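Asker: Dropping the structure in here first, questions after.
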Amino acid sequence: MRKKIVAGNWKMNTLPAEGVALAQEVVAKRGEVCECVNFIVCPPFTHLAQVAEALKGSTVELGAQNCAAEAKGAYTGEVAASMIAALGCKYVILGHSERRQYYGETSETLNKKMEQAYANGLTPIYCVGENLEEREAGNHFAVCKAQIEEVVFNLTEEQFKNLVIAYEPVWAIGTGKTATAEQAQEIHAYIREVLASKFGAAAQECPILYGGSCKPSNAAEIFAKEDVDGGLIGGAALKAEDFIAIGKGFMA
């Protein structure tokens, strides 16, 4: 059985006190969902330590939204994987579409970040996905395949066993267009095929999350698909009630 995961990417939202209050609310409501569902929250760097404290004693886990490509040194403004691990993070989101689009992150950079994550005991949530132009040109499979081959294929078999993939249909986020559950299944199944071409049967164990406007109203339909193992949640993760309701999608 693959892990079922609902991960909340808070992006650049919440001040420290708000983040702690949100984490406390998630912890309070977590019991409404089967323990078979793993909840992860990924706050901004500024309050990772305080949120870690708020999560203590619960099964809600902590992740960061990014890490540096270097271990340490003269890199002003960067945050090392060792630093976020020291604060209690178990996961780190890498290769998010916003990092690729706004900050020019390349596969070369992401290979270094993956190396840092593994060196510090973190599980990467590695994001792949195509934009609207790529989807409309029918290049969505090729884009996802390249993003996997250029980074994930460089992992050892042991590292691959400790990886989460998140598929983001960038074209369906904030564009008014919606990906159907069938479209999600189609690309998730394809991603698993690509992973299997390198890692064989181990690809069946790798959780693949859906990262495109997942909300309480569509979570059950999307999570019912065979190759969808959960969601990487944006806006809906900022309301504890919605975040937990998405987790209930596995129980529908």
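Throughout, read-outs are computed from the coordinates displayed, never taken from laboratory work. Just so it is clear, the structure is predicted and the values come from calculations on it, not from any experiment. Heads up, the Cβs are rebuilt from the backbone with ideal geometry, glycines too, and the neighbour counts pull from every protein chain shown.
Matching residues to (1) of a type in the set (A, V, I, L, M, F, W, C); (2) surrounded by fewer than 20 Cβ atoms within 10 Å (Cβ to Cβ); (3) touching a strand residue (DSSP E or B) at 6+ places or on another chain (Cβ under 9 Å); (4) farther than 22 Å from Gly249 by Cα:
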| residue | (1), (2), (3), (4) |
| --- | --- |
| Gly138 | no, yes, no, yes |
| Tyr167 | no, no, yes, no |
| Thr175 | no, yes, no, yes |
| Glu186 | no, yes, no, no |
| Tyr190 | no, yes, no, yes |
| Gln204 | no, yes, no, no |
| Ser217 | no, yes, no, no |
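Asker: A further question follows. Evaluate the following for Leu87: is it buried (at least 19 other Cβ atoms within 10 Å of the Cβ) and free of Cβ contacts under 8 Å to residues at least 60 places away in the same chain?
Answerer: Working: buried (at least 19 other Cβ atoms within 10 Å of the Cβ): no; free of Cβ contacts under 8 Å to residues at least 60 places away in the same chain: yes.
So Leu87 fails the test.
Asker: Being of a type outside the set (S, T, N, Q) and either on the phi > 0 side of the Ramachandran plot or surrounded by fewer than 21 Cβ atoms within 10 Å (Cβ to Cβ) (or both) narrows it down to one residue among Val92, Val143; which is it? Quick ask: steps written out before the conclusion?
Answerer: Details: Val92 fails: either on the phi > 0 side of the Ramachandran plot or surrounded by fewer than 21 Cβ atoms within 10 Å (Cβ to Cβ) (or both).
Exactly one residue qualifies, and that residue is Val143.
Asker: Another question, if that's okay. Considering only helices (runs of 4 or more DSSP H) fully contained in the range 1-112, which possess at least 2 residues that are closer than 25 Å to Ile208 by Cβ?
Answerer: Details: elements: 16-29, 48-55, 81-86, 97-103.
Fully inside the range 1-112 and qualifying: 81-86, 97-103.
Asker: Determine the pairs where a residue that is in contact (Cβ under 8 Å) with a residue 12 or more places away in the chain and under 17 Å from Tyr167 (Cβ atoms), located within the range 116-133, has a partner that is of a type in the set (Gly, Ala, Ser) and in a strand (DSSP E or B) with Cβ atoms under 6 Å apart, the partner being 6 or more residues away or on another chain.
Answerer: Here the result reads Ile125/Ala166; Cys127/Ala166, each pair linking the range 116-133 to a residue that is of a type in the set (Gly, Ala, Ser) and in a strand (DSSP E or B).
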